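One structure is given here, and the rest of the page talks about it.
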There are 4 protein chains.
Amino acid sequence: MKKTKVALLGAGFITDIHFESYHRFIPEAEVVAVYARNADKAKAFAQKHNIPQWYDDLDKIINESGCEVVDICLPNFLHAKAALSAAKAGKHVIIEKPIALTLEEADEMIAACKKANVKLMYAEELCFAPKYERVRSMVKQGAVGQLYMLKQGEKHSGPHSDWFYDKDQAGGGVLMDMGCHAIAWFRWMLNNAKAVSVYATMATVFHKGRTVCEDNSVVIVEFENGVTAVAENSWAKHGGMDDRCEVYGTGGVVYADLFMGNAAVSYSREGYDYAMEKADTTVGWSFTIYEEVFNQGYPHELKHFIECIQQDKQPLVTGEDGRAVLEIIYAAYASAAAGKKIMLPFEPKVSKPIDLWLGTNQ
Amino acid sequence: MKKTKVALLGAGFITDIHFESYHRFIPEAEVVAVYARNADKAKAFAQKHNIPQWYDDLDKIINESGCEVVDICLPNFLHAKAALSAAKAGKHVIIEKPIALTLEEADEMIAACKKANVKLMYAEELCFAPKYERVRSMVKQGAVGQLYMLKQGEKHSGPHSDWFYDKDQAGGGVLMDMGCHAIAWFRWMLNNAKAVSVYATMATVFHKGRTVCEDNSVVIVEFENGVTAVAENSWAKHGGMDDRCEVYGTGGVVYADLFMGNAAVSYSREGYDYAMEKADTTVGWSFTIYEEVFNQGYPHELKHFIECIQQDKQPLVTGEDGRAVLEIIYAAYASAAAGKKIMLPFEPKVSKPIDLWLGTNQ
Amino acid sequence: MKKTKVALLGAGFITDIHFESYHRFIPEAEVVAVYARNADKAKAFAQKHNIPQWYDDLDKIINESGCEVVDICLPNFLHAKAALSAAKAGKHVIIEKPIALTLEEADEMIAACKKANVKLMYAEELCFAPKYERVRSMVKQGAVGQLYMLKQGEKHSGPHSDWFYDKDQAGGGVLMDMGCHAIAWFRWMLNNAKAVSVYATMATVFHKGRTVCEDNSVVIVEFENGVTAVAENSWAKHGGMDDRCEVYGTGGVVYADLFMGNAAVSYSREGYDYAMEKADTTVGWSFTIYEEVFNQGYPHELKHFIECIQQDKQPLVTGEDGRAVLEIIYAAYASAAAGKKIMLPFEPKVSKPIDLWLGTNQ
Amino acid sequence: MKKTKVALLGAGFITDIHFESYHRFIPEAEVVAVYARNADKAKAFAQKHNIPQWYDDLDKIINESGCEVVDICLPNFLHAKAALSAAKAGKHVIIEKPIALTLEEADEMIAACKKANVKLMYAEELCFAPKYERVRSMVKQGAVGQLYMLKQGEKHSGPHSDWFYDKDQAGGGVLMDMGCHAIAWFRWMLNNAKAVSVYATMATVFHKGRTVCEDNSVVIVEFENGVTAVAENSWAKHGGMDDRCEVYGTGGVVYADLFMGNAAVSYSREGYDYAMEKADTTVGWSFTIYEEVFNQGYPHELKHFIECIQQDKQPLVTGEDGRAVLEIIYAAYASAAAGKKIMLPFEPKVSKPIDLWLGTNQ
């Protein structure tokens, strides 16, 4: 078996997770290079993980590292540029959420990959998280009868990197960062049923000094099949990561919780190394997670993409899916501004989604 | 200590709960009579509970039973009539949710009790449920910093009595039946802060053959203090009662669950008498609740009202609170019809709340 | 209704709990006096709770306070003396666990109460804790088929009062303090089936500097009906009180948890007043209990005793039950010393149970 | 990378789990052949999993299949024979629990593998289960201070295969089948500290018609470092698999639950494919497990052994560990017969462990 060569773009939190996934779970791939805008960061990441090459030049890593796959873990505003460069160079693209800042960028990325005949996967790990996949599989069998409501939320106390809080780099707040997960997962659970309308309420409740972006949001998406889906997302929730779903059908219900619902329950007077993502402390009671990367589905997701490449298959989650998520995010920001549900399709021209809520003067 | 004499109006599920509360927990009161429209039902209830008098005539029980308190557990459309009769007769009134079918009825009830100088309490047991009260007390102390979001939901598979499904008797579906709890509790947690806007989505997903009323709803209430509150209610959720709240603040979070979160966890091959309200079966795994009436706060609520009477105090939850809840319910139905948030105050003239969603032609 | 007059002996932690139970839940009784060996403590307790009389003379409170019931919440070594004085004075006796330091004392107490024709109740609140009683009731119905194993444990990080750690005042460590609960509850669940044998292992693992008594123990009791029962008790378990039972039968299983299993789950950056008994902190994650006294069954237990007096009934848990528990505790200490199971009956002459483990030279 | 060739001995429940582990998680290995005593079973297993060779002759699969590793998943009484044949043929051996029926067999197996210079691993998956390993790692850091008590239990309603219930094939009941896990895990958590004494109680409570072996047991192991460990095991516990541990230290506590504590919580009116090992039904409430094989540590365990072979390292869990577990099981049976703790070392000559409890006349 020839190993598929991967170039990692980015050297932050999520890139670590991708690296661990390839390294521990995907022998069919090898990470050959890493890129960061900051050379020191790139070099340090490469050394830490024993990656042979590092770059601080985007075009060079794409064109000169010998990679077949470009795995984009960069800040949102760099997604389109990186994907277009990769496509141009004939490299397969897997891209972290959200797909891009604008629908036009997304369209361009999709078209470029198509034209270059390279695969484009939208990396939504919740579509691969094993507990959620267990839920999906039982629901498909009719375990809960006919679906009528879905809920999913991700909440923690806010990202560590500064760019998340900058509306121009991120394009929005918690909705861009974590709301995209819920929306992608709703569509995945519903076989990509069409979203009909979107309602959202949002506010900046905790990080007011740091950002104008929303750090708490509730989004209601209505689908053509009559299912109502509720996404709750927050950067203002303390005590560690919360990632839960609830599935309601006419014949039953399923609750799944990826963090507290998997954790060992611990009390420590002295504390210990690590409880879970974004947990502030390990002193006192904590919920101690294990195999955090595996349980969120990253290895399954990336392995799937490598298989798609090696076996020339279509990824299960595509650029079109990423675009559909982004359109719903657009509608959510517009809804929060208008105080009414926004009907889809909804494709206003904007330079970033949050402008639809804040206006363009901010 | 002289016992305060109570007449129970109604002989159904909730009346049983009120009776148990008085009988086991409130020695300061005694139930002297029960009324039901159906004489057999009234008589059977009186015999079962050893109540000295039963009536099938509303005016008679109020005027001739010797009661000081009229405790109204009747179907919604009879609330106003019963309360007005009681006030006219100079009896104190405690009334189950929702206060009435219309705001005009509510106004009339409040005015009549005021004029008659009798106390009127809106019986929202969640304001007295001991676990929720523990949550409220810690939140008041600042345990979670400044509140920014509240969630509460009640869900089960639907009431047993037919009148709940009849829009003319009930005035609406699950929102009238259970959404009122969430809304009252939000206001209670927020010291009766003013609600500013209401958004709702609702549908009939499970009981389509039985009712035109909504059996699943999500309602978002925005308050003047910036708190967002989300009420989820369902008559389509199987496996027994679900009653949970989540409280989010800038300094923490609290989750409380009144049913599964209090239950013994049981597996039984043969089954047993009872697991919890609306549980379909006790075979296999079940969540076995205990002191169900106490844990929902009914004894605390009714004891408080008896104390208000004996010590001439103002009830903590009043007719005005019930009216405010009803106004939010109006707005929710109107919002679901309009697809946009409804600003408060909102006082359209209708004959029942659900007309604002269904229209008056249905 | 004439209120039954109660004198409280003791002014510590458990006496507060008894007072709250009478005051909030048992209108049929009134606390007329409190006794403590230390006059200041007695006076402070009386003032705090608005109790009309306080005493620092045991005979006086019994004979001069006008009480009908003596409720003994004193350190273990004073149990017999207080009970005998009460019986002699013709007062009904309810006594906190353990019944006494020795079987001879227990026999004398039982005989004295019998002779004086006063009631003697052994105050085992787990026999009245509503969640455990729900478990018992479903088990009686056959929910789990035929019982084959019971488990129960109470664990926390150790009592606050010094006398618990003094082998002469307490007669033993955690087994005397908390193991007695498990043992009494096993007998209660089994309709007072005869215990056949006892095995125990114990050690001093955490409070070595403070006591020679055991602070961790596991006791296995085999009953004549073939049921095996396992009691786990600890004064070395951090993070608050743990009180759980598990019931195993050939047709199912029930798990009940009185503290974490009832609690609201909270995360607080600043902390708040109180989470649960023996919780060290409320900062970070905590399990917030509510109606702690009610949920442990104290009001139900004491109300039952008052009813027994007013209606001249036999208490459900008697001095004989307390004695049977003590005999099993004797056997447990002897077993821990001998490394083998001790067959019952087992009635060695000792001045306190722990001598059977430590020997009399310590 | 050359793949290490594995021959699977056995074609039952556990062999399926081993196959899934190799297939999904261990690209460094390939299963080249399967053996069962029954040719049809061997053939069916091979076809189901697309394994190139199948055998019903033990010597042939070992000597002719081209395997480098013999993975023994046979009934207990065949363990020694298979391991000795494998060693003789110069094949590495990994063996499912328990190591053998007798200490003499274990000694012979260890010696044979040593002499043949092949690796022998005792396949205790709990030493690799990721949640338990997370617990171990935090405990090693001092998260709970100094350990004083460990608990672990596995319980379900009994194996499906008949041989488990036959004392001559299995050597004992639930203690041989599942108690071995707890005992191995205690030693693992304690860095193979020496066990000093063993006490056990056991009975046949549910499968009386099918076996004379014990189907419920409690075993207490005392270690030289003062830690007390309690193993609870049952074949009489309904509702699916239970696999939990509790770790108590002077500075804290950890609770981990591999099944209910990881599961999605589901209610289904119609049921669905599968909830967890040994769950009787999926109708009603169920606890739906995911990645069951991964979460029990099988892939990690087998991957470790393949690495040991490829990198010539000593397995972390050895034949000596398996022997030490068996010695403790001997002592447990003897203790249950004698009603006293048995001191180690304890090496009586018997033909199977359960004889020490039943006597040799049964």
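Values quoted throughout were computed directly from the atomic coordinates according to the rules given, and no laboratory measurement underlies them. Keep in mind the model is a prediction, meaning the values are calculated, not measured. Here the Cβ is made from the backbone with ideal geometry for all residues, glycine too, and neighbour counts use every protein chain on show.
Here's the picture: charge each Lys and Arg Cβ at +1 and each Asp and Glu Cβ at -1 in the stretch B:225-362, and of B:Ala331, B:Phe305, B:Ala279 the one pushed furthest to the positive end of that dipole is B:Ala331. Take B:Asp40, push a point 7 Å out from Cα through the beta-carbon direction, and compare it with the same point in every other copy: 6.2, 7.2, 8.7 nm, smallest first. A quarter of the convex hull surface defined by the alpha-carbon atoms of the stretch D:145-186 gives 3.6 nm² as the mean projection. With each label modelled as a point 7 angstrom along the Cα→C-beta vector, the B:Lys349-D:Asn225 pair spans 8.2 nm.
Multiply the residue separation of A:Arg210 and A:Lys60 by 0.36 nm, subtract the distance between their alpha-carbon atoms, and state the gained length in nm to one decimal. Provide the component values of the computation, followed by the final result.
Details: separation 150, 0.36 × 150 = 54.00 nm, distance 3.43 nm.
Full extension from A:Arg210 to A:Lys60 adds 50.6 nm.
For the pair the stretch B:199-216 / the stretch B:22-97, the C-alpha centres are spaced 32 Å from each other.
Cβ-to-Cβ counts within 10 Å put A:His156, B:His304 in ascending order as B:His304, A:His156, the fewest first. When +1 charges are put on Lys and Arg Cβ atoms and -1 charges on Asp and Glu Cβ atoms, the dipole computed for the stretch D:4-126 relative to its Cα centre reaches about 200 debye.
Membrane-span-like helices of chain C, defined as complete DSSP H segments with a Cα extent of 27 Å or more along the helix axis and a mean Kyte hydropathy of at least 0.5, are identified as C:319-338.
For chain B, a crude dipole built from +1 on the beta carbon of Lys and Arg and -1 on the beta carbon of Asp and Glu, taken about the Cα centre, is about 400 debye to the nearest 20. When you filter the GluC sites (Glu not before Pro) in the stretch D:103-195 for DSSP loop state and at most 10 other Cβ atoms inside 10 Å of their Cβ, nothing is left. Of the trypsin sites (Lys or Arg not before Pro) in the stretch B:155-229, the ones in a loop by DSSP (not H, G, I, E or B) with at most 14 other beta carbons within 10 Å are B:Lys194, B:Lys208. For the stretch D:7-107, taking the reciprocal of the average inverse distance between every pair of different Cα atoms yields a Kirkwood hydrodynamic radius of 13.4 Å. Expressed per residue, the C-alpha convex hull volume of chain B stands at 141 Å³. Report, in listed order, any pair from D:Lys60/D:Lys114; B:Lys5/B:Lys97; C:Lys115/C:Lys340; C:Lys97/C:Lys237; B:Lys208/B:Lys340 with a Cα-Cα distance greater than 27 Å. The pairs that break the limit, which is 27 Å between Cα atoms, are C:Lys115/C:Lys340.
Distance between the 7 Å Cα→Cβ label points at D:Thr281 and B:Asp273: 2.2 nm. Once the chain from A:Asp162 to A:Asp40 is taken as fully extended at 0.36 nm per residue, the excess over their C-alpha distance is 42.1 nm.
Starting from the Kirkwood Rh over alpha-carbon pairs, what translational D in µm² s⁻¹ does the stretch A:208-269 have by Stokes-Einstein at 4 °C and 1.567 mPa s? The partial results should precede the final answer.
On the way: Rh = 14.8 Å.
Roughly 88 µm²/s, to the nearest whole number.
Between copies, the label points of D:Ser351, set 7 Å from Cα on the Cα→Cβ line, lie 5.7, 8.9, 9.0 nm apart, reported in increasing order to one decimal in nanometres.
Ignoring aspartates and glutamates fewer than eight residues from B:Lys140 along the same chain, the ones with Cα atoms less than 16 angstrom from its Cα are B:Glu246, C:Glu270, C:Asp273.
Per residue of B:270-280, other chain Cβ atoms within 10 Å of the residue Cβ number 4 on average. Given R0 = 30 Å, the distance between the Cβ atoms of A:Lys48 and D:Lys2 translates into a calculated FRET efficiency of 0.55. Using the Cβ-Cβ distance between B:Lys88 and B:Asn192 with R0 set to 22 Å, the FRET efficiency works out to roughly 0.20. What's log10 of I(q)/I(0) for the protein assembly as shown at q = 0.05, 0.07 Å⁻¹, Debye sum over Cα points only, no solvent? One equal scatterer on each Cα of the protein assembly as shown leads to -0.43, -0.85.
By the Stokes-Einstein formula, at 0.890 mPa s and 25 °C, the stretch D:181-220 with its Kirkwood radius over alpha-carbon pairs has D equal to 206 µm²/s. Of the beta bridges in chain C, as assigned by DSSP with both residues counted there, near 55 percent are antiparallel. Looking at this model, which pairs from B:Lys2/C:Lys91; B:Lys81/C:Lys131; D:Lys119/D:Lys349; A:Lys91/A:Lys278 are more than 31 angstrom apart at the alpha-carbon? In this structure, B:Lys81/C:Lys131; A:Lys91/A:Lys278 lie more than 31 Å apart at Cα. Taking the Cα centre of the stretch A:82-121 as origin and assigning +1 to Lys and Arg Cβ atoms and -1 to Asp and Glu Cβ atoms, the resulting dipole is close to 280 debye. Annotation: average projected area of the stretch A:37-194 is 11.3 square nanometres, based on the convex hull of Cα atoms across all directions. Per the rotation superposing chains A and B, the chain A residue found at the smallest beta carbon distance from the axis is A:Lys340, 2, distance in Å. Per the Debye formula on identical point scatterers at the alpha carbon atoms of the stretch D:271-362, with no solvent, log10 I(q)/I(0) at q = 0.12, 0.17, 0.21, 0.26 Å⁻¹ is -0.73, -0.86, -0.91, -1.20. Shielding by partners for peptide B:287-295, expressed as the average number of C-beta atoms from other protein chains within 10 Å of each residue's C-beta, is 5. Comment: the Cα-to-Cβ extended label point of C:Glu270, at 7 Å, lies 3.3, 5.1, 5.5 nm from its counterparts in the other copies, nearest first.
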